[in-house]
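Engineer: If you scroll down you'll find the structure; I have some questions about it.
The values are calculated or read from the model by the stated rules, or taken from the named source; none is laboratory data. Here the structure is a predicted model, which is why all the values come from computation and not from measurement. Please note: Cβ atoms are built from the backbone with ideal geometry, for glycine as well, and neighbour counts cover all protein chains shown.
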Ligand code: C5P
């Protein structure tokens with residue numbers, strides 16, 4: 001079982017009031033909270049700082065652009081001091097290397113960079129539609145190995161890819177796993193899910209849980225229950 005609290009709550013909303021309420025109520029039961037595109041694009045970096053306060057946080061922006069532009073993006077958000085920041089592994093090794101170099105210039109603690117391999121909402125069929133043939137697992141392993149070699153600190157992957165990624169890359173990379181559904185929760189748009197405990201037992205460093213917490217009748221209680229199960 002994990003010693004730290006590996007629960008990251010995804011605060012997916014465009015409302016500052018809602019995000020603040022969740023941060024206050026859910027935050028104490030989590031190792032980190034996550035703010036993503038919906039919130040960042042609606043309100044910008046200052047609102048992120050306002051909502052998270054002193055709670056460690058994961059800024060899930062999934063950056064993808066030419067290396068110079070991504071490096072600039074990393075420098076721009078580094079001042080917020082996110083603990084974790086995402087970029088797409090499919091942006092390639094030059095982009096990831098540029099992002100890492102930019103992160104290294106951050107004052108004090110730099111954000112750890114996580115490369116997103118294949119979105120957990122993707123099935124094999126959805127992957128094939130994008131022209132990326134082969135099965136999901138092979139694609140995750142290929143992108144994961146490339147991203148870590150290029151300087152990513154860790155990967156975002158589905159729980160089903162943890163074991164093969166550990167076999168290939170060892171215990172070094174931070175593995176962060178969304179697509180988590182406690183028993184009985186609807187899968188929503190996620191395709192490759194596992195329960196919180198299964199994912200931790202499989203070797204995830206962190207699990208990301210959104211709707212099963214935020215849509216619960218009592219979000220704080222839902223977060224507390226998941227944390228109790230895995231810490
Ligand atoms: O509500 P749910 O638990 O499905 O939320 C999962 C969160 O994890 C969302 O914020 C989503 O953007 C994020 N995520 C994901 N798959 C990835 C990377 C991030 O679902 N590969």
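Engineer: What number of residues within segment 148-169 satisfy the criterion of being buried (at least 23 other Cβ atoms within 10 Å of the Cβ), in a loop (DSSP other than H, G, I, E, B) and at pLDDT 95 or above?
Structural biologist: Matching residues across segment 148-169 total 1.
Engineer: So, in segment 148-164, exactly how many residues are within 16 Å of the chain's Cα centre (by Cα) and either within 25 Å of residue 125 (Cα to Cα) or within 11 Å of the ligand (Cβ to nearest atom) (or both)? So that I can check it myself, show each step before the final result.
Structural biologist: Applying the first criterion (within 16 Å of the chain's Cα centre (by Cα)) to segment 148-164 yields 148, 152-162.
After this cut, where a residue has to be either within 25 Å of residue 125 (Cα to Cα) or within 11 Å of the ligand (Cβ to nearest atom) (or both) as well, the list is 155-162.
Total meeting the criteria: 8.
Engineer: So how many residues does segment 192-201 have that are in contact with a helix residue (DSSP H, G or I) (Cβ under 7 Å, 6 or more places away or on another chain) and farther than 18 Å from residue 117 by Cα? Steps first, answer last, please.
Structural biologist: Going residue by residue through segment 192-201, those that are in contact with a helix residue (DSSP H, G or I) (Cβ under 7 Å, 6 or more places away or on another chain) are 192, 194, 196-200.
Keeping just the survivors that are farther than 18 Å from residue 117 by Cα gives 196-198, 200.
Within segment 192-201, residues that are in contact with a helix residue (DSSP H, G or I) (Cβ under 7 Å, 6 or more places away or on another chain) and farther than 18 Å from residue 117 by Cα number 4.
Engineer: May I ask you to say which residue of 144, 172 is assigned to a helix (DSSP H, G or I) and either within 18 Å of the chain's Cα centre (by Cα) or crowded, with 16+ Cβ neighbours inside 10 Å (or both)? Steps first, please.
Structural biologist: Values: 172 fails: assigned to a helix (DSSP H, G or I).
Just one listed residue meets the conditions, 144.
Engineer: Are any residues in segment 117-126 within 15 Å of the ligand (Cβ to nearest atom) and out of contact with any helix residue (DSSP H, G or I) (no Cβ under 6 Å at 6 or more places or on another chain), and if so, which ones?
Structural biologist: Of everything in segment 117-126, those that are within 15 Å of the ligand (Cβ to nearest atom) and out of contact with any helix residue (DSSP H, G or I) (no Cβ under 6 Å at 6 or more places or on another chain) turn out to be 119, 120, 121, 122, 123, 126.
Engineer: Are any residues in segment 196-221 within 11 Å of the ligand (Cβ to nearest atom) and part of a helix (DSSP H, G or I), and if so, which ones?
Structural biologist: Correct list: 196, 211, 212, 213, 214.
Engineer: Criterion first (buried (at least 18 other Cβ atoms within 10 Å of the Cβ), over 17 Å from the mean Cα position of the chain (by Cα) and free of Cβ contacts under 8 Å to residues at least 24 places away in the same chain) does residue 139 satisfy it?
Structural biologist: Yes.
Engineer: Does residue 11 satisfy the criteria of being closer than 17 Å to residue 154 by Cβ, modelled with pLDDT of 95 or more and touching a helix residue (DSSP H, G or I) at 6+ places or on another chain (Cβ under 7 Å)?
Structural biologist: Values: closer than 17 Å to residue 154 by Cβ: no; modelled with pLDDT of 95 or more: yes; touching a helix residue (DSSP H, G or I) at 6+ places or on another chain (Cβ under 7 Å): yes.
Judged against the criteria, residue 11 is not a match.
Engineer: Out of 59, 35, 85, report the one residue that is in contact (Cβ under 8 Å) with a residue 40 or more places away in the chain, surrounded by 15 or more Cβ atoms within 10 Å (Cβ to Cβ) and outside any helix (DSSP H, G or I).
Structural biologist: Being in contact (Cβ under 8 Å) with a residue 40 or more places away in the chain, surrounded by 15 or more Cβ atoms within 10 Å (Cβ to Cβ) and outside any helix (DSSP H, G or I) holds for just one of 59, 35, 85, which is 59.
Engineer: From the list 179, 184, which residue is out of contact with any helix residue (DSSP H, G or I) (no Cβ under 6 Å at 6 or more places or on another chain), under 26 Å from residue 19 (Cα atoms), crowded, with 20+ Cβ neighbours inside 10 Å and at pLDDT below 95?
Structural biologist: 179
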